[in-house]
Structures are given as C-alpha cells and as structure tokens.
1. Of everything in the stretch 92-126, what is among the acidic types (Asp, Glu), farther than 29 Å from residue 180 by Cα and open to solvent by 80 Å² or more (accessible area, probe 1.4 Å)? Give them in sequence order.
2. Suppose we filter the stretch 127-148 for residues that are at pLDDT 85 or above and open to solvent by 60 Å² or more (accessible area, probe 1.4 Å); how many remain?
3. If you go through the stretch 400-411, how many residues are outside any loop (DSSP other than H, G, I, E, B), open to solvent by 80 Å² or more (accessible area, probe 1.4 Å) and of a type in the set (D, E, K, R)?
4. So, of the residues in the stretch 149-181 that are over 24 Å from residue 71 (Cβ atoms) and part of a helix (DSSP H, G or I), which turns out to be least open to solvent (accessible area, probe 1.4 Å)?
5. Would you pick out the residues in the stretch 313-353 that are more than 30 Å from residue 646 (Cβ to Cβ), without any contact (Cβ under 8 Å) to a residue 60 or more places away in the chain and open to solvent by less than 50 Å² (accessible area, probe 1.4 Å)?
6. Of the residues 608, 627, 592, only one is more than 30 Å from residue 337 (Cβ to Cβ) and either touching a residue at least 40 places away in the same chain (Cβ under 8 Å) or of a type in the set (Ser, Thr, Tyr) (or both); which?
7. Identify, please: which residue in the stretch 264-304 is under 30 Å from residue 234 (Cα atoms) and outside any helix (DSSP H, G or I) and is, among those, modelled with the highest pLDDT?
8. Considering 250, 243, which residue is surrounded by fewer than 20 Cβ atoms within 10 Å (Cβ to Cβ), part of a helix (DSSP H, G or I) and of a type outside the set (D, E, K, R)?
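The values are calculated or read from the model by the stated rules, or taken from the named source; none is laboratory data. Predicted model only: the values in this text are computed from it and were never measured. Reconstructed Cβ throughout: ideal geometry from the backbone, glycine too, with neighbour counts over all protein chains shown. In case anyone asks, the SASA skips ligands and DNA or RNA and just uses the protein heavy atoms, side chains included. Shrake-Rupley method; radii C 1.70, N 1.55, O 1.52, S 1.80 Å.
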Amino acid sequence: MISVEGLSVEFGVKPLFSNASFVVNDHDRIALVGKNGAGKSTLLKILCGLQKPTSGAVAVPSDTTIGYLPQVMNLQDDTTVREEAQKAFADIQKVKARIDRMNEELAERTDYESNDYLSLVDKFTQEHDRYMMMGADNYEAELERTLVGLGFLRSDFDRPTSEFSGGWRMRIELAKILLRKPDVLLLDEPTNHLDIESIQWLEQFLAQSAKAVVLVSHDRAFINNVTNRTIEISCGQIVDYRVKYDEYVVLRSERREQQIRAYENQQKEMAEMRAFIERFRYQATKAVQVQQKIKQLEKIVPIEIDEVDRSAMRLKFPPCLRSGDYPVICDEVRKDYGEHTVFDHVALTIKRGEKVAFVGKNGEGKSTLVKCIMGEIPFTGMLKVGHNVQIGYFAQNQAQLLDESLTVFDTIEHVAKGDIRLRINDILGAFMFGGENSEKKVKVLSGGERSRLAMIRLLLEPVNLLILDEPTNHLDMMSKDVLKEAIRSFDGTAIIVSHDREFLDGLVTKVYEFGGGRVREHLGGIYDFLRDRQIASLDELGAAKAANTAASVHSAQVHGPNPTVSESKQSYAERKEIQKRISRTEKAVKESERKIEAMEARIAELDSLLMQPEKASDMTLVTEYTSTKQCLDEESERWMELSEELETVKALLEN
C-alpha cells in the first residue's frame, strides 16, 4: 500500500536516518519505535506527505487513503461534537445531496419515455447503490458508537467543541479519522489523551476494523495488543522486525549482543593492524605490507552498536522516616460540587508499604479523592492521614512549580542528597535529559519535558507516601521502566492514578475502582481486577449493579449509574426543577469563562510588560502577575467543577 525506497532525512551534520526501505502492506499493524528524537514523528509526516525527505521516495497508490493523527494539531471551535464528527462523512453527504437533486428532478419531469430520462434513472440507481455501499444507512449509528467508545456521553454530542479541553478535542479528531476508514492509519501517540476504557476500545477497533496501521506509542500493553510488526529507528538506520513488540525486545537484545561481539572483533583486528604498521613502518622490506594494512584500515567501516538501553538502571529513593501503620484511612467520605455528588460512603484503609491503583473513567473522582487526601479541597466524613506521613505528590500542574531560572541539572542538584549526587547525569539521561539537554533552562522546556523533570525531583525527595496522578503520560518506555522499578523497590506507600495497564502490572497489589459515585476495593493486581470483574472490554468499567439483582445496568456504559434518580419517569415538577438547575449552572459556567478570559488577557499584557528590560524588575508588576496567575488557577478549577456539575445535571434530565 505504501512503498518506501532509499529514504534519508538530514536536519544537521548527522542524519536522522538514511537509506531506509520498507513496505506497508494491507493488514500490517506496525509499531514504530526508537528513542525520543530518533525521527519517529518525522517518518509519519513523510509517509502522509506533510514533509519531504532529503532523498529517497515514498510511493502511495492514487486510490489509497491515509488518515494521520499528530500529537498536536489546530482544532476548530465553531461546531458541536456531533457536527465536527460528521465531517468524516463529507463524501457520503455529497453523494446524498446529488441523489436528492436527481430525485427532485425525476419527480418533476414527465418525459418518462425519453432517453434522457432513462439515462437519469440509470445514474440515480448507480449513485444510490454507491450511497448504500458507503454505509449510508447506518453512519449515524457508527458515529455514535465511535464517540461513546472514545469516552463521550450522548449528552455531549450537541455541546460546542469549545467547551472541551484539548485532550477531549483530540478525541474528536481521532473519531473523525477512524470514521473515515482510511486504507492506512498513521497514529502518533494516540493513547496520550485516552483513559483506560477508551484505550481498550481503540485496541478492539484497530484489531477488527482497521486495514493497515503505523503507530507510535509508549504504552507497551497497547502496542503489544495491536501490532504484529515492529520497525525500529536506531543509529540512523531503520531495522524491520516482523514480530510484535515483546518478541522484538528479545530479538533486539540478541542483535545487540551480536553487534557487541562484532564490534569487539573489529576493534581487535584494527588494533593488530595499527600495531603491525607501527612496528614495521620504517623497515624497507615490509613497506608493501605496511601500505596494504594502511589501505585496509582506511576501508573499514566502524560497526555501530545500538543505543544502550538503560532501563535496568536502579534508582533508589532516599531514606525517610517510618510512617504509621495506616498512612490513609477514609470512612464515609463524601464530596459534592454544588448539588452533584462525586462520590459518597467512601471507606478504605491503605496500609504502610502497599502500592495501590485508582482506576475508572475520567470524571469519576480519582483525582478529587487525591486532593481530599492532600487537604486541598473540603469534604465530609472522616479522612485521616497517619502519623509521620510525608507526602510526595505528582500532579499535572506540578511542572508549573519549577523554578524557570534554573537549568535542568541545577534543578535536580538542589534536591539530590548523598551518593545520588554522583549519579545525577545518569538519572537525567534515563529521563531523556542527557548531554547538552541537562544545561537547558527550565523556562525553555516543553510541557512534557517539565513534567519529566518534576517527576525526577519527586523521586529524589525523602517521602514515605507517594501520590502519582497519571505519572507516565510524558514518559517513554525506558523512563517508565526506571520509574516502575523505583516505585516497586520503594519502602513506603504509593497511590497511583493511571490508565497504563503495563505500568501497573506487577506494581500494585490492590485496585480501587471509581464509578457511579462509589469506590470499590479489589485485592490483587490490575489484571486480577480485570479478570475478577470479567471485563472483556473496559467499556463496562463504572457500571454498577442494580439493586437486588446481579445484572449490570446497561445504561451505565454510556451515562454511568445515577443513584439519585429513580428508574420511573420524572414528574413534571422534577424536570422543571432540573431545567432550572441547568440554567443556573450554565450561567455560572459562562461567568467563570468570562473571568478566565479577562485574567488570561491581563497575564498576556503583564508578560509583554515584563519582557521589557526597564520593567523586568518592577515588583508591582511581578506581584500582580503572581496573584493573577493564582486566581486564574483557582478559577480554572472552579470552571472544571461547574462543568462537571452541568454535565451531571443534564444527564439527570435525559434519564
């Protein structure tokens, strides 16, 4: 379907890769792997025609369609979720418009026996058959299935896309690409913005419906379940392994051992040649042999060894105080946002040394309970943090707290203690800050780089309770292995909010499932939890059992269970009251958005002023900038709470 021949890409003195040749065939499921910066995203852009190679050719048949999902893209804000997703069916809608026009013409004309009329009938029949073959009779149902599979509620379909975060809007773009059913799917980190249920839905979709797939992902379980072929970019070369990722890891290890032996043999041979040259350089009787050795030495192409996999490096947490036997105890904990109950009757006990996972659909309260444990938000009930507990907390906004004036190296040096100071460069290298990257200022780092740096800082601080909220989102496989091993050997207690099954596997011994306003405890690891729940697809996660019956509530797959609404129809008065609540909440959301917009505009003005040398040290401006930033963060949190409340109240009206 796609043929790559002699492809080379150069951005500087050393090429990203050179003389790459391979073919993407129908039904191939290809994992594109390599260290960060090896050129994976660049290769995807070249395959879809967005970027030109330095040399070589990419041949794509004219009738082959390609769907490409980049990591970052510009998103539209002028449509609803349904309208945006319907753009995937633009071709079907064009055919339908032509059919409608021909149908009108056939109804108006009366020259039934003319050749022109009969020709129009034939054309109408052909177009109608084509329309039906394109799936016209069920494309709306397919659209809804795809959006629900990617985590949207049916109540979301008519909401403007501007109300959603960047991650959710990327899901809309992914839905559009999947609905177009291209011959080749090119996906760059498609799981970054998906929760655990949506990832498994995507796995099933790609396995059952996709034709050919080339994807970049750091989710090992995802690429193992989806792919059957692995293409690696290493040392500027592309190596094609026709096996899934786990088998590739074994073959790559064997290949590297062969490279090392070949390299050692080559070095030995070159040393012998140099020794011969030095020994007989000035002997006339050996002049011919010396010249031959010199020429042979010049012709030798040095053997390169694949980059060293440092995932086996051990990162040990510094010693800390022993905490009490029970670092976290919850009893009848409840959290409400307005009239919306996030969770209720939460009772859990986490023992010292336990590693536990919080799992469930987005918006079910995982991060909210973490904030309750941290004491950041109020709640009702009893929540006790144990004696001598020192909490290390990693959240998505953790990166914003870094000192932007420091370098990467200085940031870590300030928290490193004891022998670990001697290994700072190794640690930075394991988290993709090796070489010159360690001298970068924090202020020039991307969001992902800042998150990784904040993670390293946390790993070096003396704590006995780790709370990690989606810690793997910006880590590659090597860095995740380092982090996983560090947590596994950590003497303290860990709470991990994550959708990465491979990361959680073998790490946690207890799983807390969030869904339907409840938190349920499951003993065992993440795959034990999935087997115990008999979940073939995590679409069922969050579904609750109906009272006094073992059957699952089917509607929970879409809306989640709602214990506050009876199954009987709501009375007129009840619906009217719900509509009033919707109206009040919508006004509050719009008011919050107005405040956020005003504060963002002011921060932009202050940024411009502080960039001027004469005003850079103006403490009045600095103080205003800091306070405005804090107010913006608080208002953004309030907007999220109001949006969740609005979503819940709208769901009540639909039930």
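1. 108, 113, 116
2. Selection size over the stretch 127-148: 1.
3. Restricting attention to the stretch 400-411, the residues satisfying the condition of being outside any loop (DSSP other than H, G, I, E, B) are 400-401, 407-411.
Those still in the list that are open to solvent by 80 Å² or more (accessible area, probe 1.4 Å) too: 400-401.
Retained after the next criterion (residues that are of a type in the set (D, E, K, R)): none.
Count: 0.
4. 155
5. 329
6. Exactly one of 608, 627, 592 is more than 30 Å from residue 337 (Cβ to Cβ) and either touching a residue at least 40 places away in the same chain (Cβ under 8 Å) or of a type in the set (Ser, Thr, Tyr) (or both), namely 608.
7. That would be 300.
8. Matching residue, one of 250, 243: 250.
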